[in-house]
Every structure is written in structure tokens, then in C-alpha cells.
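The values are calculated or read from the model by the stated rules, or taken from the named source; none is laboratory data. Please read these numbers as outputs of a predicted model, since none were measured by experiment. Every residue, glycine as well, gets a Cβ built from its backbone with ideal geometry; the counts of neighbours run over all protein chains shown.
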Amino acid sequence: MMNLLAIYESMADEKPDELALIYRREPYVGETRTWGQLRERSEFLTKRLIAANFPEGGLCAVVLTDNPDMLPLLMAIWRLRGVAVLADKMWGDRLRESVFSHSQPNAFVSLEPELTVTLMVQPERSADRKRQLEDGALLSYTSGSTGDPKAIVMTHGRLSTTMYAAAAAVVRHRGAPPQRVGCSMRLSGSGALNLHYTWALASGATVVVMPQLELSTARNYWREIEEYEVDQMFLVPPLIDVLNHAAAPRLRLRKPPICITGSSPLSTKTQDRFHRKFSVGLLNAFGLTETMCAAFFGEYDENGMGRHSIGQPALLKARLRNLEGEVFDGQGDGELELSGPVMFGGYFGNEAATQAAFRGSWFRTGDLLRRDEAGRMTTVGRIKDVVMKGSFAIYLNEIEEAANTLDGVVESAAVPIQLPDGGEDFGLLVRFHPGGAARVDEIAGALKQMLGGLRTPRRVIEIAQPLPRTGQEKLSRVALRALWQEVSGQAAMDWATQL
Amino acid sequence: MIPTNGRPTEEEFIARARRFLREIGGEKADSVDVDANLIESGILDSLAIIAYVAFVEEQRGSELEMGPEELALIMTIRSAYQLVRIAPSPNAA
């Protein structure tokens with residue numbers, strides 16, 4: 001079955017009274033939805049969309065929230081052959097406006113404080129954009145507020161194929177499919193949606209929406225995992241660190257769940273501590289929005305602990321290209337390139353970015369990987385101008401374009417910085433017009449308003465000299481890292497500086 | 001204060017904590033009160049607090065078990081020193 005709505009419908013046919021959702025997170029603690037109830041609610045919401053004149057096959061902007069009506073809303077959009085443009089409620093004004101300006105949705109739907117449907121008048125969609133949206137389920141932006149927006153159309157076909165492969169990978173690892181998938185992350189985008197809800201759908205499992213994991217809630221994590229019989233969980237590496245520091249030991253009354261991490265680099269220190277503290281193998285998965293979801297699912301060692309390797313890809317071919325630009329076999333470091341039927345078809349409405357991202361049918365991931373003598377691959381760093389903050393990809397040019405629009409700013413440069421615990425963030429160098437009234441301490445606040453907290457620099461430093469540039473007037477990322485170190489006394493990231 | 005088992009004195013810890021917080025929190029860390037809540041004062045966010053916990057572990061020379069008491073102590077510079085001061089000796093059996 002290659003359509004997500006059809007899969008939900010078949011679950012409602014097969015086991016209408018079995019639970020699809022269990023809420024353990026405020027304000028919905030105690031609420032549940034069966035597969036049959038999901039379908040009923042989605043049919044009701046379909047009628048509401050029709051009553052509001054939502055056009056069949058339209059694009060529908062949806063602000064994601066952890067709300068029991070969110071899955072039924074997506075199902076309702078799909079029933080009308082629509083595509084959901086996913087928006088994070090934590091985005092800033094500029095980012096939200098840019099995404100909607102670029103995607104040109106036909107309607108804006110919000111579930112909170114109550115269901116509202118706002119129709120939007122848009123120009124006729126071009127033939128190329130129509131073609132790109134064929135079979136579309138989700139439109140997911142990885143960078144939205146620049147003149148170079150990167151949005152991925154997740155088609156029903158690619159997404160369902162990917163998620164069935166993910167479900168199969170878990171069965172290979174664990175011997176049986178999960179019954180319950182725990183979700184301790186905020187529903188912020190396609191990643192959180194697919195890594196929990198769509199993965200559970202492909203496995204026929206119930207999603208348990210647990211309290212959002214943070215330092216203050218971590219203590220009871222394993223108790224809740226056991227109490228709610230969760231047997232599959234996914235957490236990004238920063239949240240694995242939260243567990244490592246603040247979770248009470250497992251009670252060990254039940255077999256541990258399959259534990260998977262990914263979406264940003266996992267340090268061996270974090271993985272080792274998790275193994276030592278909880279005696280549960282942690283699998284290091286790897287995937288991109290461009291591959292719909294996880295494409296590599298890690299591997300266990302002979303003791304049942306997770307290796308640092310990301311394992312072998314499912315449904316995709318993978319190869320490495322070295323610094324000399326040659327594809328190579330065997331041991332060494334190189335950029336990961338991926339090709340296969342679930343790879344996205346190009347950035348929505350951005351042909352130039354699509355052209356730059358592919359070598360023939362091979363997608364250039366921008367990730368630097370190392371392959372050892374046994375053929376195992378681990379992530380080393382990134383070649384693209386991106387930092388992974390938490391589990392989110394932050395494009396440096398997006399920050400710079402926004403900063404350069406602020407009053408008094410002549411130019412700016414975002415610089416990746418390494419946090420002492422191995423995490424990633426970025427700082428901002430800013431040069432002002434001489435004698436102007438602009439103040440460095442106002443920049444972060446202005447960017448937060450424009451782009452949201454996630455895209456706010458950890459530190460802003462004013463500089464007097466022009467920013468270092470290459471012969472083509474592009475910012476010199478290598479020289480910027482050195483400049484940051486000089487003016488901040490803090491080391492910038494130095495990975496991949498040779499590339 | 002006298003250093004014990006190679007761990008920093010309170011003054012040393014506060015100076016190192018300020019340096020650390022400046023690295024991840026910027027210049028505003030220079031002026032933060034040692035008794036101020038680091039999250040409420042905007043120095044740390046939910047991502048950076050874990051980096052700060054790792055820093056405190058490094059200063060005490062052993063890993064922290066973050067129960068409710070430790071969670072409360074970590075929130076200010078001065079109280080976080082308690083976690084360093086009362087850490088088990090690195091040489092303890």
C-alpha cells in the first residue's frame with residue numbers, strides 16, 4: 001500500500017477498537033484514540049475543510065502541535081488529495097512568512113486554540129510545481145527564509161516505502177515488530193512526525209505520547225517506558241545526553257525497548273555512557289529530510305550494544321567521494337552520496353538548488369563519513385554550511401540574510417561553534433555602519449523575532465574590519481572560523497576545513 | 001578556601017564557571033549574579049544546560065546523578081559548587 005491515508009484506513013478496518021494513540025503529556029493526559037476513532041475524526045475534519053471551501057488537491061499550511069486531532073487533520077487533507085505544508089509554532093515571523101510566501105498554500109489550518117481554516121488567494125500554480133506536488137503528502141522546509149529555500153515534497157509513495165523499510169529494519173534488529181512507540185519529543189516537523197507516528201503506522205503500533213523529555217522530566221523516563229510498555233523509542237543525541245545525566249536507572253521489570261538515535265552526530269562518549277548507565281544498546285541511525293526519514297539503522301555489536309557505525313542503508317545505494325573528487329572503495333573519508341527510489345525528486349520550486357545537490361542520480365549529502373577496514377561507516381562532520389543545533393539543520397546563509405536586513409548592519413557571518421559537550425551551535429559576527437545607532441546586544445533579539453529561538457545565535461560579536469571573502473566575494477568559511485577564534489577566544493568548529 | 005583532592009576552591013570554581021558560561025552564553029555571563037538562576041536569567045537554555053552539567057562533572061571529577069536535589073543545586077553558580085565540593089574522592093574505593 002503506497003498511500004498513507006490508505007494505510008490508516010486499513011488499520012481502521014483491521015483493528016478499529018485497538019489503540020492508535022495514548023496521551024501521557026499535558027494537557028491531554030489520559031486521552032486515547034483507537035484506529036477507528038482516528039478515521040471517524042478525520043472524516044469529520046474532511047467535512048469541515050470542504051465546508052470552508054478548501055480546494056481538492058490544494059496545499060494546506062499546518063502548524064504542528066501535540067494535539068490528538070493532528071493525525072486526523074493530516075488524514076483529512078490527504079483524503080482531499082491535498083499536501084500539508086508543515087510549520088513549527090516556534091518559527092519566527094520572517095521564517096513563517098517566507099515559507100508561506102514560497103509555498104503559496106491555498107489554506108492555513110490551525111488546531112489551537114480551536115480548529116480554524118483560513119483560505120488564501122494564490123496565483124495559479126506553475127506546471128512544474130504541480131508536477132512536483134503529484135502524490136505529495138507533506139511539504140517540509142529545511143531552510144525557508146532565504147532566497148534559496150529548500151523544501152522537500154514527501155510523496156505518499158516514497159514516504160510509505162521508506163517507513164515500511166524502517167519497520168522492517170526494526171524487525172531485523174529486534175526479531176519482532178514493536179507494539180508501542182514512545183514519543184518524548186515535541187512535534188516540530190516532518191522528522192518528529194515520521195520518526196514516531198509514521199514509523200508506528202508502518203509497524204501497526206500504538207504511539208505513546210510521553211512527557212516532553214527535558215532535564216526536569218528525565219528522572220522518571222524509564223519508569224514510564226516500562227509502565228506504558230513502550231518497546232521502541234527514538235531520541236536525538238542531545239536528549240540521550242539528558243537521559244545520561246538525569247534519568248533514574250531502569251527498573252528492569254520488562255525487556256528494554258529498541259533504542260534508536262540520529263538526526264545529529266552522536267559522540268562515542270554519549271553512546272558509551274548510555275550503554276554503561278542503562279545496559280541497553282543504542283543504535284546510531286542516519287537519514288535526511290531528502291531521504292524522507294532514517295535510511296541507515298545502525299547495528300549491534302556481539303554484546304548487544306550499539307556500534308557507533310550507522311550500519312548499511314536500506315533502499316538506497318551509498319558511496320563515498322574523496323577530497324580529490326573520486327568515488328572510492330575501502331577505507332577512508334569522503335562525502336556521502338546516496339541514490340535510490342526513495343530519494344526526493346528535487347527541491348520544491350528551486351531548480352538551481354536541485355541542480356547543485358545532485359551528481360546525476362546521486363544526491364550529495366554534504367556529510368563527511370569515514371569507512372573503516374570492515375566497511376562500517378561513521379559520521380565525521382559536514383561539508384555544507386550547516387550546523388546541527390539540537391536535531392535541527394540550521395543553514396548559515398539563512399541567518400546571515402536575515403541579519404543583513406537589520407538597520408545599521410553592513411554585513412554579517414554566522415560561524416559554527418562547538419559546545420563543550422560536543423553539541424553544535426553558531427555565533428554571529430556583525431559589522432555596523434560607522435557612527436550608526438545599531439547595537440550589538442539588540443541583534444539576537446531581533447533575529448529571534450524574525451527566525452525563532454532555534455535560529456538565534458548563541459553569541460553576537462561586533463567587528464570593525466570587513467569580513468574575509470574569497471575571490472568570488474563569497475564569505476571565506478575557513479577564515480571566518482579563525483577570525484571567530486581570535487575575537488571570541490572560543491574555538492570554532494574545525495571539521496572539514498580542508499574541504 | 002583550601003583545595004581538596006585536586007578539586008577547585010569556591011573562588012576558582014566561580015571563576016571557571018564564569019569563563020565557561022561566557023563561552024556558551026556570551027558577555028552577559030560576566031555580570032550574572034552567582035546566586036541567580038541561570039535559566040531564568042537567560043544565560044542557559046535547555047540545550048546549554050546539559051553542557052553546563054558536563055562542565056560541573058569535569059570540575060568534580062566524577063559523573064553526576066541528577067536527582068531533584070542536584071537539579072536544584074545546578075541552577076546557580078554558587079549552589080553548583082556544592083556538587084563539586086561534596087563529590088566522592090576520585091581515590092575512593
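Restricting the search to the stretch A:25-47, which residues are surrounded by fewer than 19 Cβ atoms within 10 Å (Cβ to Cβ) and either in contact with a strand residue (DSSP E or B) (Cβ under 7 Å, 6 or more places away or on another chain) or at positive phi (or both)?
Those that are surrounded by fewer than 19 Cβ atoms within 10 Å (Cβ to Cβ) and either in contact with a strand residue (DSSP E or B) (Cβ under 7 Å, 6 or more places away or on another chain) or at positive phi (or both): A:R25, A:V29, A:G30, A:E31, A:T32, A:T34.
Does at least one position in the stretch A:181-202 carry a residue that is more than 14 Å from every other protein chain (Cβ to nearest Cβ), surrounded by fewer than 23 Cβ atoms within 10 Å (Cβ to Cβ), more than 20 Å from the chain's Cα centre (by Cα) and not aliphatic (A, V, I, L, M)?
No, the stretch A:181-202 has no match at all.
Can A:V121 be described as of a type in the set (V, I, T) and under 22 Å from A:T291 (Cβ atoms)?
Answer is no for this residue.
Could you check A:R459 against (1) modelled with pLDDT of 85 or more; (2) over 23 Å from the mean Cα position of the chain (by Cα); (3) within 14 Å of chain B (Cβ to nearest Cβ); (4) more than 18 Å from B:L44 (Cα to Cα) and say which number it fails?
(4)
Are there any pairs with C-beta distances below 6 angstrom linking a residue in the stretch A:216-241 that is more than 11 Å from every other protein chain (Cβ to nearest Cβ) to a residue that is polar (S, T, N, Q), with the two at least 6 apart or on different chains, and if so which?
Sorted first by the residue in the stretch A:216-241, then by its partner, the pairs are A:D231/A:Q179; A:L235/A:T261.
Counting only residues that are of a type in the set (S, T, Y), give me the strands (runs of 3 or more DSSP E) lying completely in the stretch A:312-399 with at least 2 of them.
Because the criterion is at least 2 residues that are of a type in the set (S, T, Y), the strands (runs of 3 or more DSSP E) in the stretch A:312-399 that meet it are A:377-382.
Pick from B:A93, B:A29: which is surrounded by fewer than 14 Cβ atoms within 10 Å (Cβ to Cβ) and either at pLDDT 80 or above or more than 8 Å from chain A (Cβ to nearest Cβ) (or both)?
The conditions single out B:A93.
Restricting the stretch B:61-81 to residues that are in a helix (DSSP H, G or I), in contact with a helix residue (DSSP H, G or I) (Cβ under 9 Å, 6 or more places away or on another chain) and within 13 Å of chain A (Cβ to nearest Cβ), which is surrounded by the most Cβ atoms within 10 Å (Cβ to Cβ)?
B:L73
Could you list all residues from the stretch A:242-262 that are modelled with pLDDT under 95, in contact with a Lys or Arg (Cβ under 8 Å, 6 or more places away or on another chain) and away from chain B (no Cβ under 13 Å)?
A:L251, A:P256
Within the set of pairs 6 or more residues apart or between chains, which connect a residue that is in contact (Cβ under 8 Å) with a residue 60 or more places away in the chain inside the stretch A:317-330 to a residue that is hydrophobic (A, V, I, L, M, F, W, C) and surrounded by 12 or more Cβ atoms within 10 Å (Cβ to Cβ) with Cβ atoms less than 7 Å apart?
A:L323/A:L499
Filter the stretch A:203-212 for residues that are within 14 Å of chain B (Cβ to nearest Cβ) and more than 12 Å from A:R24 (Cβ to Cβ) and give the result.
Across the stretch A:203-212, there are no qualifying residues.
Just a yes or no: is a residue in the stretch A:252-271 surrounded by fewer than 24 Cβ atoms within 10 Å (Cβ to Cβ), over 18 Å from the mean Cα position of the chain (by Cα), over 30 Å from A:F344 (Cβ atoms) and of a type in the set (G, A, S)?
No, that holds for no residue.
Exactly one of these conditions fails for A:A151: (1) more than 26 Å from A:I399 (Cβ to Cβ); (2) surrounded by 23 or more Cβ atoms within 10 Å (Cβ to Cβ). Give me its number.
Going through the list (1) more than 26 Å from A:I399 (Cβ to Cβ); (2) surrounded by 23 or more Cβ atoms within 10 Å (Cβ to Cβ), A:A151 breaks only (1).
Could we say that A:G436 is within 14 Å of chain B (Cβ to nearest Cβ) and either buried (at least 20 other Cβ atoms within 10 Å of the Cβ) or free of Cβ contacts under 8 Å to residues at least 60 places away in the same chain (or both) here?
For A:G436, the condition - within 14 Å of chain B (Cβ to nearest Cβ) and either buried (at least 20 other Cβ atoms within 10 Å of the Cβ) or free of Cβ contacts under 8 Å to residues at least 60 places away in the same chain (or both) - is not met.
Give me the pairs, please: first residue somewhere in the stretch A:38-60 and more than 22 Å from A:H102 (Cα to Cα), second residue anywhere and small (G, A, S) and modelled with pLDDT of 95 or more, beta-carbon distance under 6 Å, and either six or more positions apart or on two chains.
So the pair list comes out as A:L38/A:A20; A:R39/A:A12; A:S42/A:A76; A:L45/A:A76; A:T46/A:A76; A:L49/A:A76.
Which is more than 8 Å from chain A (Cβ to nearest Cβ) and at pLDDT 90 or above, of B:T4, B:T9?
B:T9
Would you please list the contacts, defined by Cβ atoms under 9 Å and residues six or more apart or on different chains, that run from a residue in the stretch B:33-55 that is more than 16 Å from A:T456 (Cα to Cα) and away from chain A (no Cβ under 13 Å) to a residue that is modelled with pLDDT of 90 or more and crowded, with 22+ Cβ neighbours inside 10 Å?
Pairs that qualify, where the first residue is more than 16 Å from A:T456 (Cα to Cα) and away from chain A (no Cβ under 13 Å) and the partner is modelled with pLDDT of 90 or more and crowded, with 22+ Cβ neighbours inside 10 Å, are B:D33/B:I77; B:V34/B:A17; B:V34/B:I77; B:V34/B:Y81; B:D35/B:I77; B:A36/B:I77.
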